[in-house]
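Asker: This is the structure I want to talk about, given as structure tokens.
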Amino acid sequence: MPNRLAYPLAFASGGLLTLMVLFNGQWAREGTPLFASWMAHGTGTVAALIFLLLLRAGRKPSARPGKAPLWAYLGGLSGAVTVMLTSTTVNSFLALSGTLALGLAGQAGFSLLSDRFGWFGLPARRIGATDLAALALILAGSLLVIFT
């Protein structure tokens with residue numbers, strides 16, 4: 001049985017993602033999408049360092065972290081590009097809701113491909129009709145958000 005806390009935490013992360021896209025769009029409107037990315041990652045780095053220092057205060061690490069595969073370092077690059085892309089599209093006709101709707105469709109589509117082919121160390125799994133139907137509904141919902 002899954003951890004019940006995972007559901008509200010995942011839902012809350014969606015709300016935080018919405019705020020992030022909105023704030024980054026404001027930075028891009030005042031500067032450029034590249035400036036928005038620098039601001040997001042600069043403040044994120046400072047916040048993460050403060051958080052790590054608070055967590056380590058008075059605690060000894062229980063285990064040494066393992067060595068991450070080289071492709072794991074692309075997370076920062078994909079994050080920077082994501083900020084630049086969403087900062088651009090949130091200031092377009094798509095606005096905040098269209099940007100996030102299409103972003104969700106892109107996440108779902110890429111995750112299905114990653115699952116199907118076992119990319120990034122994931123176990124490969126067969127994609128069924130319900131997976132494709134869910135993706136089609138997400139795309140249809142995205143179009144409704146954008147064009148209505």
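Asker: Just to check your reading of the model, which residue among Ile138, Ile50 is within 20 Å of Leu17 (Cβ to Cβ) and of a type in the set (Val, Ile, Thr)?
Answerer: Ile138 is the lone residue from the list that is within 20 Å of Leu17 (Cβ to Cβ) and of a type in the set (Val, Ile, Thr).
Asker: Every residue in region 121-148 that is part of a loop (DSSP other than H, G, I, E, B) and open to solvent by less than 50 Å² (accessible area, probe 1.4 Å), please.
Answerer: Ile127, Gly128 - these are the residues of region 121-148 that are part of a loop (DSSP other than H, G, I, E, B) and open to solvent by less than 50 Å² (accessible area, probe 1.4 Å).
Asker: Here's another thing I want to ask about it. Which condition number in (1) under 30 Å from Trp27 (Cβ atoms); (2) exposed (fewer than 14 other Cβ atoms within 10 Å of the Cβ); (3) within 20 Å of the chain's Cα centre (by Cα) is the one that Thr86 fails?
Answerer: That leaves (2) as the condition not met.
Asker: Say whether the condition of being among the small types (Gly, Ala, Ser) and under 30 Å from Trp27 (Cβ atoms) is met by at least one residue in region 119-140.
Answerer: No, region 119-140 has no match at all.
Asker: May I pose another question? From the list Leu49, Leu77, Leu19, pick out the single residue that is open to solvent by 50 Å² or more (accessible area, probe 1.4 Å) and within 26 Å of Gly121 (Cα to Cα).
Answerer: One residue alone meets the criteria, Leu77.
Asker: Moving on to the next point. Please find, among Ser114, Ser37, the residue that is in the same structural domain as Ile146 (by TED's automatic domain parsing) and of a type in the set (S, T, N, Q).
Answerer: Testing whether each residue is in the same structural domain as Ile146 (by TED's automatic domain parsing) and of a type in the set (S, T, N, Q) leaves just Ser114.
The values are calculated or read from the model by the stated rules, or taken from the named source; none is laboratory data. What you see is a predicted model, and the numbers here were worked out from it, not measured in a lab. Note that each Cβ is placed from the backbone with ideal geometry, even for glycine, and that neighbours are counted across all protein chains shown. We work out accessible area using only protein heavy atoms, side chains counted, and drop any ligands, DNA or RNA first. Shrake-Rupley method; radii C 1.70, N 1.55, O 1.52, S 1.80 Å.
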